[in-house]
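Asker: Below you will find the structure I want to go over with you.
Each reported figure results from applying straightforward, stated rules to the coordinates on display, with no laboratory input. Quick caveat: nothing in here was measured; it's all calculated off a predicted structure. Cβ sites come from the backbone with ideal geometry, for glycine too, and all protein chains shown count toward neighbours.
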Amino acid sequence: MIRPLISIIIPCYNQGKYLEETVKSALASSYRPLEIVLVNDGSTDNSMEIAKKLEVNHPESQVIAQPNGGVAKARNNGIAHAKGKYILPLDGDDLIAENYIQDAIETLESNPEVKVVYCQAVKFNEQSQKPWKLKPFSRHQLAKDNMIFVAALFRKSDAEAVGGFSEDMKMGREDWEFWIKMLK
């Protein structure tokens, strides 16, 4: 059986100090085939230099540069360049478990009615880490509050059908609005 390609979209704005660890986390995934699309969103730090180095050292990755337009525009640009059937948006300072993609793809492949798969998460910074207390999923509750973090897997075709992430949302919550559009 041919396994579907997963495209990991990593928008990056001034996250150079985290980018290599994020890409290595994605590459440590037990799932193949995968591609990594790094979208440099007009960074003013060394993000582009690091992204280019990662592209040279890891043939599964490609770098796209764009003027700073915000995370929604960067994600949409990455999705437009993605070749995969499935998309995993992963922020430039996020990490994933090695089995996350494998488990999510199995769910999506065996349940065509499922639109998005996410998991338990841990919030972390340089000082601490703690479980992210996400509310149980409910479409009714999703209209009131987001319980799906951005690093969830979905079909590229579903994202395209709803026009992707809303690029006019500049103050955050663009992922919440995206989930509502896709799941209604």
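Asker: Under a Cβ-Cβ cut-off of 9 Å, what is the net charge of the residues other than PRO33 that fall near it, where Lys and Arg count +1 and Asp and Glu count -1?
Answerer: Net local charge, PRO33 excluded: 0.
Asker: For segment 1-111, what relative contact order do you get, as a whole percent, if you take Cα pairs closer than 8 Å and at least 6 residues apart?
Answerer: Worked out over segment 1-111, it gives 41 percent.
Asker: As a quick test, which of the pairs LYS53/LYS115; LYS24/LYS156; LYS73/LYS144; LYS17/LYS156 have an alpha carbon distance above 26 angstrom in this structure?
Answerer: Listed pairs above 26 Å: LYS53/LYS115; LYS17/LYS156.
Asker: Return the aspartates and glutamates within reach of LYS85: Cα separation strictly under 12 angstrom, same-chain partners fewer than 8 residues apart disregarded; answer none if there are no such residues.
Answerer: Answer for LYS85, where 12 Å is the Cα cut-off: GLU35, GLU109, ASP158, GLU160, listed by chain and number.
Asker: What's the FRET efficiency of SER110 with ALA80 using the Cβ-Cβ distance as r and R₀ = 35 Å, to the nearest 0.05?
Answerer: 0.80
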